[in-house]
Amino acid sequence: MAALAELLGEALAAPDGSAVATASVPARGVSLVGLYFGYCGGGPCAQVAANLAAFYGRFQPGPEGGDAAGAAGGAAAAPSQQQQLEIVFVSAEQEQPRWQEATRAMPWLALPFADKRRKLKLWNKFRVSNIPSLIFIDANTGKVVCRNGLLVIRDDPEGLEFPWGPRPFSEVVAGPLLRNSGPPLESSVLEGSHVGVYFSAHWCPPCRSLTRVLVESYRKIKDAGQKFEIVFVSADRSYKSGCGVNNRRTELFLKENEHLRNQESHLPFRLRHHASGPRAACCGCGIPTLIVLDTKGDVITRQGRVEVLNDIECQEFPWHPKPVLELTDSNAVQLNEGPCLVLFVDSDDDGESEAAKQLIQPIAEKIIAQYKAKDEETPLLFFVAGEDDMTDSLRDYTNLPEAAPLLTILDMSARAKYVMDVEEITPPIVETFVNDFLADKLKPEPI
């Protein structure tokens, strides 16, 4: 109970405007809380809110609700005496009157409008980069149960599979895998191999570009004697289109489109969605995305696309994440995924950049280990930026001084920056800067 209050604050707002103690939510039998990140206006959020309201009603006590957890084999849900599921609206609305009007019409709770700092922390903690988005968390521990909440509503509108925890990849992918030549193969062929789960589509130009590189990477990895397979999950509008993509890469498996797409809500990972730039116009569904799994089916990296483009010779396969990255054109998109510590240096010399990486790496490793022990995502990404056109553009966009070295934390989603402009940057300075940021002791400047 204390974990939920720590995450959402001591009180939440009810539809009538009254305050509801956060600790009372699990106390009344709620086992799952859905964090609904959305907007109060129309469009996709309005449709999602309507669907979610109908879904939410199935978990309310009384004759109109239902005990989804007790239903089996598609039988009608029996009335429940406990609520089981609560939704908390985390709004992107900037105007309080609109927020009040919207929350009055919603049957669930909401994060108070005035608690803007906590709202930003939640968006960053759960790496929410598009709306609407729905993330289910355990009401008692605050830990993520399912990141694909909107897919749950789509795939299980009756709530028969409550509480929708992730399934092992081997279970989700079980069944025949199609390939361009030869008969289908059973998914057991993936056992003992690293697996790349490739979300792509023929109609998406960035996907086609990545596919060409990925084909060569796949062959290099196989030629080096590594066990590696790719499962293609098509976002094409037709099976024929998906096969058209696969024809150019006969080594890749093609998972039958509807089978795996209908299992997406159970995957132990989710797609990252990027809401800006030319790729968003073409690939609003978060493609191309390459997620690399280890031989046990656990996620190694969700940034396979970046890794493939940065490591053409595949020398660093299977691409375990590095604590500190050198900022490049291909990985700059990660700046949009949450707060990022960026250390700007005054040279594009490799030696200078390497020294900067070594300076911040111990702090980065320490933070990553702390959050991994709590089974939580690291709240910061760590970068070193040299001198090039991309870095100059980033400085201009964020209105940073030309000083170097310059220690910053950039939070693009909150349009905020934190700057430590000192003559000499030392490990203690970096660690204090990071810890103060995580403890909300730093005052943000607007971007």
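The values are calculated or read from the model by the stated rules, or taken from the named source; none is laboratory data. Everything numeric here is computed off the predicted structure, so don't read it as measured data. Methodologically, a virtual Cβ is constructed for each residue, glycine included, from the backbone with ideal geometry; neighbour enumeration extends over all protein chains shown. Just so you know, the surface numbers come from the protein's heavy atoms only, side chains and all, with ligands and any DNA or RNA stripped out. Shrake-Rupley method; radii C 1.70, N 1.55, O 1.52, S 1.80 Å.
Data table
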quantity	calculated
Gain upon complete extension [Asn399, Ala373; 0.36 nm per residue less C-alpha separation]	5.7 nm
Additional length obtainable on full extension of the chain from Asp298 to Asp16, 0.36 nm per residue less Cα span	97.1 nm
Accessible area per residue in Å² at 1.4 Å probe, computed on region 309-437	48
Of every Cα-Cα pair in region 13-63, the percent that sits beyond 15 Å	62
Region 317-447: C-alpha gyration tensor shape, a/c 1.5 cut-off, then a/b vs b/c	rounded
Nearest-10 value in Å² for the accessible area of His202, using the 1.4 Å probe	70
Table column - 3J(HN,Hα) (Hz), region 206-222, Karplus curve with 6.51, -1.76, 1.60, x for Gly and Pro	x, 5, 5, 5, 5, 4, 4, 5, 5, 4, 5, 4, 4, 5, 5, 5, 5
Solvent exposure ordering (accessible area, 1.4 Å, most first) of Glu307, Glu86, Glu354	Glu354, Glu307, Glu86
Ordering of 334-344, 115-125 by packing [mean C-beta count within 10 Å, highest first]	334-344, 115-125
Out-of-range pairs (alpha-carbon distance over 19 Å; input Lys227/Lys322; Lys322/Lys366; Lys121/Lys417; Lys374/Lys443; Lys125/Lys417)	Lys227/Lys322; Lys374/Lys443
Net length gained if the chain between Glu365 and Thr141 were fully extended (0.36 nm per residue, minus Cα distance)	78.2 nm
For Asp392, solvent-accessible area (1.4 Å; no DNA, RNA or ligand), Å²	70
